[in-house]
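> Structure below; questions to follow.
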Amino acid sequence: MRFLFGLLLGLAGLGGLLGYQYQQHRDDPCLARCGLGTSCEDGLCEVEPARKKKGKKRRKRGRRHRRHASAGGKASTPDGPTAKQPTAADLASISRGPRLGGTDRVQFGEEDGTTELSTDEVGQRFRRLDDKILGCIDRARGDYEVTSGKVAIGFRVERSGQVKKVRITAPALMQRAGLSACVSSLVRGLRFRRSSRALVMTYPYALR
């Protein structure tokens, strides 16, 4: 008897649940039919548009190669820095040192048997300094791209054979770097034989 009563009570409860679900289905025909990512519209399950994930855009960082158009700055390339670009003022020729003219004092009736010093004699001895002079020029040029112009080295050989006057003409940027002092000290060290008169010589070096 108790078993029958319990069975009837259970059937009654089941009937009530089924009736409730039927009523819900009438009110919402999409109940339990549309899954994730869908929405119910007029009894039909429609796919919702995909939502774009919000995120920060990553900037592509590339190497920036800056090129200095202003004179005197180093131009950078992917392969590394190149030579500095000189300005017009840097390349302007400037002379430093005393003027090479002068007056020889000769005693009247002086006969010492000396002869005039030849340019070949001077040139042979001067050319022994070439490597050292080129070193002075390269150091004075530094990082600048100087591919034109020249360096002129003038000096005066006195009758005694000594070099007392040296005059250097070169681009301003090289003069600022101490070119005159470097070259003058070398040329003043030259010694020649005594001669019958003073001799002025000039030797140019082309910049390339």
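> Quick one: net charge of PRO204's neighbours, Cβ under 15 Å, K/R +1, D/E -1?
Taking every Cβ under 15 Å from that of PRO204, the sum is +3.
> Non-local amide H neighbours of TYR144 (under 5 Å, H modeled in plane, Pro and chain starts lacking H): which ones?
Distant-sequence amide H within range of TYR144: LYS84.
> Something else: How much net charge surrounds GLU121 when only other residues with a Cβ under 13 Å from its Cβ are counted (Lys, Arg +1; Asp, Glu -1)?
+4
> Answer with one residue from GLN175, SER160, LEU207: the one whose Cα lies farthest towards the positive end of the charge dipole of the range 108-208, charges on Cβ with Lys, Arg +1 and Asp, Glu -1.
Comparing the listed Cα positions along the dipole, GLN175 ranks first.
Read the figures in this text as sums done on the coordinates, not as results from a lab. Source: prediction; values computed, not measured. Note: ideal-geometry Cβ built from the backbone for every residue, glycine included; neighbour counts use all protein chains shown.
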